[in-house]
Structures are given as structure tokens and as C-alpha cells.
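The values are calculated or read from the model by the stated rules, or taken from the named source; none is laboratory data. Keep in mind that this is a model prediction, so the values were computed, not measured. Cβ atoms come from the backbone with ideal geometry, glycine included; neighbour counts cover every protein chain shown. The area values use the complete protein model at the heavy-atom level, side chains included, leaving out ligands, DNA and RNA. Shrake-Rupley method; radii C 1.70, N 1.55, O 1.52, S 1.80 Å.
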Amino acid sequence: MTTSEWPEADPTLERAYKRLLRVYPSNYRDRHEQEIVTTLLEMAQPGQSRPGRTEVWHLIGSGLRQRFRLPAGRPLLWVVAVLVLLIGGGFGAAVGSWASERTFASVPDDAGIRALQTSLLAGTKSWTDAGTEAGTGSGAGSDGVATNDGGTPWFGETGWATSTVSGFDGWDADRARQELAAAGWRVGAIDHPSGKSTTMAEDGTLVDLPMRNSRFRAERDGVSIEVSGWLTELQGSVNTELWATGNASLLPLIVIGGLAGMLAGWLFVVAVARRLQRPGAARAAGALAVIAVLTLALPAVAFYGNVIRAFRYAGNNEPVFTVHSALTPGPYWPFGPQWLNLALLAAGLVLGAGVLVAARLRPAATAGTQIVTN
């Protein structure tokens with residue numbers, strides 16, 4: 001049968017093949033789509049109106065392989081791709097952690113913490129407010145008490161309050177516990193942690209002071225608190241720490257985000273590599289890519305460190321470890337400024353954008369002559 005005698009292909013079949021070819025990368029379709037479709041139509045049976053099942057799976061599988069395939073003959077590109085995959089996994093885990101924290105309960109603001117602390121000190125004979133804080137930052141009270149709350153590079157949102165009281169009879173832990181229970185908190189038992197306090201005698205020697213210490217925890221509406229009193233016969237302090245309890249979404253979203261980030265990182269390298277056809281653009285993009293990988297490596301290591309902590313300490317009834325907290329200014333590393341991770345992230349994203357710009361500096365794609373479907 002000659003070409004002129006061959007039955008004309010069904011337009012429905014041609015459209016179906018073109019829809020399946022959308023699985024392939026766009027630059028691959030630009031070069032090969034017409035040839036592939038023509039070949040498939042020539043192989044179609046007379047009267048065929050849709051692709052066979054074998055053809056469908058073959059085209060989908062081949063298209064996915066093309067999307068994940070790195071250009072051959074570039075061993076250094078494989079090294080970069082693996083590093084970007086790992087970096088993408090760390091950043092994806094941070095995004096998943098951030099998304100999970102959006103579902104956590106909110107820690108009360110300063111006014112709410114102050115009101116809570118006041119209720120815990122009800123009936124206390126003499127006390128002074130040393131300070132309260134919630135959210136991000138650090139706070140200091142009138143007697144020099146200070147803490148790093150809410151915005152640590154490891155934990156989610158926290159709040160704190162501390163007050164100075166007078167002597168052994170300055171605070172009643174059982175009464176404070178009853179106040180919380182009456183307000184709807186689920187209150188735990190009181191324990192008595194050990195502690196030591198000293199004072200200086202007139203002759204300059206240090207004298208140990210007996211202490212009466214009490215501590216208990218409570219939980220309500222997704223917020224946990226720990227209340228502790230450290231008392232001597234002279235004076236003492238009552239400290240309250242609050243944090244969001246977290247929920248079961250954290251670890252699954254970290255895993256899902258990490259896998260999605262790895263996938264995105266690999267596809268990013270493949271997409272950029274396919275565009276690097278002009279030697280000058282390839283050198284510029286390659287240099288920027290190496291610098292970007294080195295820049296993002298440290299924040300990625302911090303993310304993975306927090307991933308390990310999030311899994312290791314999950315469910316331990318302490319402030320919740322989150323991955324994205326690594327970007328919160330704080331002493332994560334024993335070197336550099338406290339905002340180092342955040343600054344490196346910003347610089348790395350700028351460099352990544354530069355890689356994309358350099359990758360676009362290429363000649364227009366030309367039509368190829370090779371038909372490749374696997």
C-alpha cells in the first residue's frame with residue numbers, strides 16, 4: 001500500500017498522542033514532537049481512535065525518564081545534582097515543618113502571660129514581677145532576669161514569666177496548681193527537684209541555704225506550661241514557661257516536604273542543564289551553581305540537624321523541635337553572627353536566580369532529526 005493509499009489518521013488519535021507527549025520536557029517536545037506523532041500515526045491500525053494501553057504506559061514512562069535524565073558526559077553535573085537534591089530535601093523539610101507549625105496553638109501574648117503569672121501568685125504575701133515575654137526575641141526584667149524565648153533556632157514559639165517572692169512562705173505551689181485546675185487546665189502532680197543556694201557570711205565564707213523547690217506542669221488547648229518555684233528562707237523565684245504542644249502533623253509533613261524538596265532539587269538541575277547549550281552561558285551558570293551550593297550548604301546542614309532532633313525528641317512533652325527554626329536568629333553555630341543561616345539562605349536564593357538567568361542565555365532550540373521515546 002502506497003502512502004497515498006494509507007487511510008488518514010483519526011484527528012482524535014493525534015490529539016491523544018499529543019496530550020501524552022506533554023509528559024516529556026518542553027524543549028524535548030519542541031525538537032521531537034512532530035516526528036514522534038507522525039511515526040505513531042503511521043504505526044496506528046486503520047480506524048484506531050485512541051492509543052493502546054501499552055503505548056500509553058510506554059510514552060508516560062519514557063517522558064518521565066526524559067524529565068529526570070541528566071545530560072550525558074558531565075560527571076561534575078552529577079555531583080552538583082546530588083548536592084542540590086540534598087539541599088532541596090533540607091529546605092523542603094523546613095517548609096513542611098513551617099506548615100505544620102501553622103496548625104499549632106498560639107502561645108499567649110505578653111498580657112496573657114502576665115495575667116497567668118498573676119493568678120499563679122494569688123495569695124502570695126510579697127512578690128515583684130521580674131518580667132514576662134512571648135513570641136520572638138529576648139526579654140529582661142527589673143531584677144536582671146533574661147531568657148531567649150519564642151525565637152530559638154531549635155524550638156517553636158515559647159513564652160516565659162518570672163517573679164521574685166519572699167522566703168519559704170512566699171509561694172504556695174499547691175494553691176497555684178488549684179488555680180490552674182479551676183481555670184480548666186489539666187494539671188500534673190507536684191515534684192520537688194533538688195537545688196542549692198548559697199549566701200556569703202560576714203566573714204566572707206559561703207554558707208549553704210536550705211531550699212524548698214516545687215515544680216508541676218499543666219496543659220490546655222494545645223499549650224503546655226511548666227511552673228517552678230525555687231525558694232530559700234530569704235527569698236525565691238517563681239518561673240513559668242509556656243510552649244505550643246504541637247500535633248501529629250509535624251513529622252509526616254517534614255517527611256513529605258523533604259521528599260518533595262529532593263524531587264524539586266533534582267528537577268531544577270535537570271531543567272537548568274538542558275538549557276546550557278552555549279559554552280559561555282554554561283560556564284557562567286556552572287560557576288554560580290557551585291557558589292550557590294556552597295552558600296546553601298550550611299543552612300541545609302542546620303535543617304537536617306533539626307530534622308534529627310524533631311524525630312529524636314518527638315513526644316517528650318518538652319518544647320517542640322521544628323526544622324524551620326534554624327532560620328531564627330540565635331547561636332546555632334559557635335561562629336559567625338546569629339543571623340548567619342538566614343543570610344546564607346537569602347544569598348543562596350539570589351545566586352540560584354542568577355543560575356536561572358544565565359541558563360536562559362542560549363540560542364533558540366533547533367529542530368532535531370532523532371526520534372527517541374525511551
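Rounded to the nearest 20 debye, what is the charge dipole size of the chain about its Cα centre when +1 sits on each Lys and Arg Cβ and -1 on each Asp and Glu Cβ?
My answer is approximately 2260 debye.
Consider the candidate values (i) 5, 19, 24, 19, 14, 9, 6, 3, 1, 0; (ii) 5, 21, 32, 25, 13, 4, 0; (iii) 5, 17, 19, 16, 13, 10, 8, 6, 3, 1, 0, 0; state which one is P(r) over Cα pairs in 10 Å bins from 0, in percent computed from the structure displayed.
(iii)
Whole number in Å², please: accessible area per residue of the chain, 1.4 Å probe, ligands, DNA and RNA not counted.
54
Check A105: other-chain or 5+ apart residues with amide H under 5 Å from its amide H, H built from backbone geometry?
Amide H neighbours of A105, under 5 Å, 5+ apart: T245, G246.
By how many nm would the segment from V82 to R50 lengthen if fully extended, with 0.36 nm per residue of separation less the alpha-carbon distance?
That works out to 7.6 nm of additional length.
Give the residue from W160, L76, W185 lying farthest towards the positive end of the charge dipole for the chain; charges sit on Cβ (+1 for Lys and Arg, -1 for Asp and Glu) and the dipole is referred to the Cα centre.
Going by the Cα projections, it comes out as L76.
Report, in deg cm²/dmol and to the nearest 500, the calculated mean residue ellipticity at 222 nm for the chain, where each DSSP H run with n ≥ 4 adds -39500 (n - 2.57) and the sum is divided by the residue count.
One gets -15500 deg cm²/dmol as the mean residue ellipticity at 222 nm.
Starting from the Cα of E219, step 7 Å along the direction of its Cβ; do the same at L294; then give the gap between the two resulting points in nm.
4.7
Which length gain, in nm to one decimal place, applies between R312 and R360 when the Cα-Cα distance is subtracted from 0.36 nm times their residue separation?
Going from the current span to full extension adds 12.9 nm.
So between T118 and M200, what do we pick up on full extension, going 0.36 nm a residue minus the alpha carbon distance?
Roughly 26.3 nm would be gained on extension.
Would you work out which of I87, S194, F268 lies farthest towards the positive end of the dipole of the chain, given +1 charges on the beta-carbon of Lys and Arg and -1 on that of Asp and Glu, about the Cα centre?
The listed residue farthest towards the positive side: F268.
With a 1.4 Å probe and every protein chain kept in, tell me what percent of the accessible surface of the chain is carbon plus sulfur.
Roughly 60 percent, rounded to a whole number.
Which chymotrypsin sites (Phe, Trp or Tyr not before Pro) in segment 271-331 pass both tests, a DSSP loop state and at most 14 other beta-carbon atoms within 10 Å?
Y313
How would you order 65-72, 111-118 from highest to lowest mean count of nearby Cβ atoms within 10 Å?
111-118, 65-72
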